[in-house]
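Take a look at the structure set out below.
The values are calculated or read from the model by the stated rules, or taken from the named source; none is laboratory data. Treat the numbers as computed from the prediction; the structure is a model and nothing was measured. Here Cβ is always computed from backbone atoms with ideal geometry, including for glycine, and neighbour counts include all displayed protein chains.
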Amino acid sequence: MLDRTNFRGIFVIVVTPFLDDSAVDERGLERTMQFCLDAKVHGVVSNAIASEGGYLDRDERKRVAEIVVGAVKGKTPSVVAVSAMHWRIAAGYARDAEAVGADAIMSFPPGLATPAEVKAYYRALSEATALPLVLQNWFGPGGNTMSPQLIAELVDELPTVRFVKEESAYPAQSVGEIIRLCGDKLQGVMGGRGGKTLMEEARHGVSGTMPACEIADVHVALWNAIEARDEKLSRKIFQRLLPLIDLEGSYGIAMMKEVLKMRGVTSAVNFRQPGFRRLDQHALSEAALIMDDLADWMLPTYSHRKN
């Protein structure tokens, strides 16, 4: 299970590959997991937002979690996202996560829920399984941002709530406030938003970040430089990584999957979540040029120029 010693570093959100008929590409998922392990990620997360978890049915979610957890068991921690619009649905996902051997679960609160309803939701998850629970504080479409005070109350009141993924409007400052308000019961706060504000978050005591997995090796190199207190190297990697994070912010899941294809990890670029635009040749060329600048920290086996 997660604790303050291993909830640290780069916990990648595993992207779910789909075949041409939109079925889950299990072999592609297995190759994605091998890439994550080769990149020496510090942890993995399945069925989250970048995994298109909300676009998988319950059987698919359980199968995806089973593949992800099985691939890393005994090697690195696994977190399974169980977010849903009602606690009964989320509790079912949580029990499935426990059944496949996950080390923790993660969930953001239902949209439009009141603070009392948020507490009831997380209380139900805490009762559904003894697995540690990561609170995801997200402000995207349909999100329901929790105040640092509410997060502190949840940490104080619920025995399994010991971790936070903070990606609200001002994540770095929120990290510092959450740590201050929660005290020793809180065992770690990670950032999100693709790692875009990681350098600022590090100043506030963040324990890591949860980016999508397509450039996992570079994120790991960045975190290792931060941990080594190598300011010059960490700044260099971060500055070269930012354009790709920005491109990911524009194209979202479509870009994550194209980069994985470019790197020879998977061949599937289909996505289920509507609202994204596929990359044209100009966008693909831009992504390739940005990755050229990151080549020093990319695994040669997964070089985009070899595929």
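Here segment 90-145 is the region considered, the condition is being farther than 14 Å from Val80 by Cα and touching a residue at least 60 places away in the same chain (Cβ under 8 Å), and the residue that is nearest to the chain's Cα centre (by Cα) is Trp138. Please determine whether any residue of segment 67-78 is touching a Pro at 6+ places or on another chain (Cβ under 9 Å), at pLDDT 95 or above and either closer than 23 Å to Gly43 by Cα or of a type in the set (Asp, Glu) (or both). No, every residue in segment 67-78 fails to be touching a Pro at 6+ places or on another chain (Cβ under 9 Å), at pLDDT 95 or above and either closer than 23 Å to Gly43 by Cα or of a type in the set (Asp, Glu) (or both).
The set of residues from segment 49-64 being more than 13 Å from Ser83 (Cβ to Cβ) and either under 17 Å from the mean Cα position of the chain (by Cα) or among the small types (Gly, Ala, Ser) (or both) comprises just one member, Val64. Restricting attention to segment 237-278, the residues being free of Cβ contacts under 8 Å to residues at least 12 places away in the same chain and under 17 Å from Trp297 (Cβ atoms) number 1. Right, Ser250: within 15 Å of Thr16 (Cα to Cα) and of a type in the set (Ser, Thr, Tyr) or not? In short, no. Out of curiosity, is Val80 crowded, with 24+ Cβ neighbours inside 10 Å, free of Cβ contacts under 8 Å to residues at least 40 places away in the same chain, among the aliphatic types (A, V, I, L, M) and in contact with a helix residue (DSSP H, G or I) (Cβ under 8 Å, 6 or more places away or on another chain)? It is true that Val80 is crowded, with 24+ Cβ neighbours inside 10 Å, free of Cβ contacts under 8 Å to residues at least 40 places away in the same chain, among the aliphatic types (A, V, I, L, M) and in contact with a helix residue (DSSP H, G or I) (Cβ under 8 Å, 6 or more places away or on another chain). Among the residues of segment 276-307, those identified as in a loop (DSSP other than H, G, I, E, B) and basic (Lys, Arg) are Arg277, Arg278. Of the residues that sit in segment 125-147 and are assigned to a loop (DSSP other than H, G, I, E, B) and of a type in the set (Gly, Ala, Ser), which one is farthest from Leu181 (Cα to Cα)? Across segment 125-147, the extreme among qualifying residues is Gly142.
With respect to being surrounded by 17 or more Cβ atoms within 10 Å (Cβ to Cβ) and touching a Lys or Arg at 6+ places or on another chain (Cβ under 7 Å), Pro110 falls outside the description. As a summary of the residue check, Asp21 satisfies the conditions (1) in contact (Cβ under 8 Å) with a residue 12 or more places away in the chain; (2) over 16 Å from the mean Cα position of the chain (by Cα) except for the one numbered (1).
The selection criterion, being part of a helix (DSSP H, G or I), closer than 19 Å to Asp38 by Cβ and either in contact with an Asp or Glu (Cβ under 6 Å, 6 or more places away or on another chain) or not aromatic (Phe, Trp, Tyr) (or both), holds for Leu241. Scanning segment 264-275 for residues that are in a helix (DSSP H, G or I) and either closer than 27 Å to Leu56 by Cα or hydrophobic (A, V, I, L, M, F, W, C) (or both) turns up nothing. Could you say whether any residue in segment 190-200 is among the basic types (Lys, Arg), under 21 Å from Ala84 (Cα atoms), touching a strand residue (DSSP E or B) at 6+ places or on another chain (Cβ under 6 Å) and in contact (Cβ under 8 Å) with a residue 12 or more places away in the chain? Yes, because at least one residue in segment 190-200 is among the basic types (Lys, Arg), under 21 Å from Ala84 (Cα atoms), touching a strand residue (DSSP E or B) at 6+ places or on another chain (Cβ under 6 Å) and in contact (Cβ under 8 Å) with a residue 12 or more places away in the chain.
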